[in-house]
Amino acid sequence: MRVCTLTFAACMLACVAARAAETQTTERATANGQVVRSSDLSGLVVYNPKNERLGKIEDLVIDPASGKIRYAVLSFGNLFSDKYFAIPWHTISFVAKGETRAGTPKESYAVLNVNEESLKNAPGFDKSHWPNFADSNMQQKIDEYYRTRAAEHGQGQTR
């Protein structure tokens, strides 16, 4: 009887541990079920829905309190441009065109629903003088700009 009780207890602990691991994996997954390394996002090309190349992701801005990505930093323009743009993370969608042997997306790209002119007029910053992204005024300026662009495209609130 004692062996049965210990076996049952061990099975229950294993089930609880497996469920906790499954929950953690699910929480880390993105909406489409993929988990992406930050190094795979750096350099990712960004297009708009008209298939116009807008630039590439240069960096990510992460909120350390929540652990979530707040902005993708986009370079836009020619090679000699020194201007970057902070794009709210939730306004970008991703397209994976396959997977590597390690299971990471291969030949992927990002889509931002703005035209080139809107991006030219977006709040930006010099790549050698980054703003303080913890400044609530800076966050509001960026977030409001992209909320307005989404409304102009008939999307209402961005996701």
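Fully extending the segment from Asp40 to Lys120 would add 26.2 nm, taking 0.36 nm per residue of separation and subtracting the current Cα-Cα distance. By the count of neighbouring beta-carbon atoms within 10 Å, fewest first, Val35, Val114 end up ordered Val35, Val114. Note on Asn137 and Ile62: the model spin-label points, each 7 Å out from Cα along the C-beta direction, lie 2.9 nm apart. For Val73, Val46, the sequence from fewest to most other C-beta atoms within 10 Å is Val73, Val46. Fully extending the segment from Tyr47 to Arg147 would add 34.1 nm, taking 0.36 nm per residue of separation and subtracting the current Cα-Cα distance. For the listed residue pairs Lys68/Lys127; Lys68/Lys120; Lys56/Lys127, the alpha carbons are over 24 angstrom apart in Lys68/Lys120. Across all directions of projection, what mean area in square nanometres is found for the Cα convex hull of the range 47-94? With the hull built on Cα positions only, its mean projection is 3.7 nm².
Throughout, read-outs are computed from the coordinates displayed, never taken from laboratory work. The structure displayed is predicted, hence computed values, not measured ones. Heads up, the Cβs are rebuilt from the backbone with ideal geometry, glycines too, and the neighbour counts pull from every protein chain shown.
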